[in-house]
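Data block below; observations after.
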Amino acid sequence: MKATVFVVVAAGMLTSAVGAQEKKPVPKDSVRVSVPGCSNGYVFTAGRRSEDQPGGSAVPEGMHLRMSGPKKTIAEIKGQEGSMIEITGLMRKGQVGQEGVGIGGGVRVSGGPSPSGGSRLPAPGGGQIMIDVEGWRRIAGDCPSR
């Protein structure tokens, strides 16, 4: 009798552990990406992909991303400043690589705003590329110092 109860409880725990590891579904207008790089506060700077990570990244090297996500996850990432990490999260399709011309090294050149005749200031945070962070992991290497 005790063995049967133990087996049922153990099976239930294994099922819940597997279910907890499932990632949330990706919305149709978004894509899940993993980006290596360095963090500084809420800003994440994409780094170079390593040889063991085949394929191109949707995020070019040097691009700055504004991180959002659970406070605990962001606090953990902030604790890794100065160390290379890889974040995984959701980004909206079309945010990356659509504006301007790439001239190398993660640098893009695009036109300025059109003259409107007024002195309107751009909205704070406007035009920043956002990533909704789901998780992170430490990878080999250190971030370049300023």
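Descriptive notes on the structure:
- Qualifying residue in the stretch 101-116 (condition: of a type outside the set (S, T, N, Q), at pLDDT 90 or above and outside any loop (DSSP other than H, G, I, E, B)): no
- Cross-chain or 6+ apart pairs with Cβ under 9 Å, the stretch 64-82 first and closer than 17 Å to Ala46 by Cα and touching a residue at least 60 places away in the same chain (Cβ under 8 Å), then part of a strand (DSSP E or B) and among the basic types (Lys, Arg): none
- The stretch 132-146, residues that are aliphatic (A, V, I, L, M) and at pLDDT below 95: Ile139, Ala140
The values are calculated or read from the model by the stated rules, or taken from the named source; none is laboratory data. In this text the structure is predicted, and so the values were computed from the model without any measurement. Heads up, the Cβs are rebuilt from the backbone with ideal geometry, glycines too, and the neighbour counts pull from every protein chain shown.
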